[in-house]
Amino acid sequence: MSIEVVRTVADLRARLGDWKCDALTVGLVPTMGALHDGHLSLVRRSLAVTGRTCLTLFVNPRQFGAGEDLAQYPRDEAADVALAEAEGAHLVFAPRPEDMYPKGFATQVAVAGLGDILEGEHRPGFFTGVATVVAKLLVQALPDHAFFGDKDYQQLQVI
């Protein structure tokens, strides 16, 4: 099996729509890439409970503030796709930033309170970026299940 990589929401929805027409449940594993065993364990969990698994690769610029080096965030799409395929994922959604945040994009999801303390106190806007991109991915994919790691407790609570 060769894993499919899609880059647009239209292509994502078409592929997932085909699966849903075939009565398959869909699992979504949102990531920023740089896959490691924690990510791959989420793929395995999804595969265990869903008919099809989609992994996302998107380095979210909205999670990076002033002085945080977005350009230095590790990116190796080919390696990430190979790892996802080796685990048995069925689809990779790897959108471009300009497709996720088109010119004029203005909607944000902010989690007041929890998103403003602990790490949020030191990284203003970070959790708004996290919550916004997760909401966008969930609406774009409309999965039956979504799988998130629990390495970052505050981020998991925000989500």
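On the basis of the beta-carbon distance and an R0 of 22 Å, residue 79 and residue 156 show a calculated FRET efficiency of 0.30. Less than 5 angstrom separates the built amide H of residue 109 from those of 132, all sequence-distant by 5 or more or on a different chain. With both labels modelled 7 Å from their Cα along Cα-to-Cβ, the residue 107 to residue 142 distance reads 1.4 nm. Spacing of the modelled spin labels on residue 45 and residue 24, each 7 Å from Cα toward Cβ, amounts to 2.2 nm. Using the Cβ-Cβ distance between residue 36 and residue 10 with R0 set to 35 Å, the FRET efficiency works out to roughly 0.70.
Summing charges over all other residues whose Cβ lies under 12 Å from the Cβ of residue 144, with Lys and Arg as +1 and Asp and Glu as -1, gives +2. What is the sum of charges around residue 92, taking Lys and Arg as +1, Asp and Glu as -1, for the other residues whose C-beta is under 10 Å from the C-beta of residue 92? Surrounding charge for residue 92 is -3.
So I have (i) 37; (ii) 33; (iii) 45, and one of them is percent of Cα pairs over 23 Å apart calculated from this model. Which one is it? Identified label for the calculated read-out: (i). Over the stretch 39-159, accessible surface divided per residue gives 53 Å², non-protein components excluded, 1.4 Å probe. What does the C-alpha gyration tensor say about the overall shape of the stretch 29-121? Classify as rounded when a/c is under 1.5, otherwise prolate if a/b is larger than b/c, or oblate. Since a/c reaches 1.5 and a/b is larger than b/c, the shape of the stretch 29-121 is classed as prolate. Charged neighbours of residue 115, selected by a Cβ distance under 12 Å, balance to -2 (K, R count +1; D, E count -1). Selection among 105, 88, 66 by position relative to the dipole of the chain gives 105 as farthest towards the positive end (Cβ unit charges, Cα centre).
The values are calculated or read from the model by the stated rules, or taken from the named source; none is laboratory data. Only a predicted model underlies this, so the values are computations on that prediction, with no experimental measurement involved. A quick note on method: Cβ atoms are made from the backbone with ideal geometry, for glycine too, and the neighbour counts reach across all protein chains shown. When the accessible area is computed, the model is the full protein with side chains, heavy atoms only, and any ligands, DNA or RNA have been set aside. Shrake-Rupley method; radii C 1.70, N 1.55, O 1.52, S 1.80 Å.
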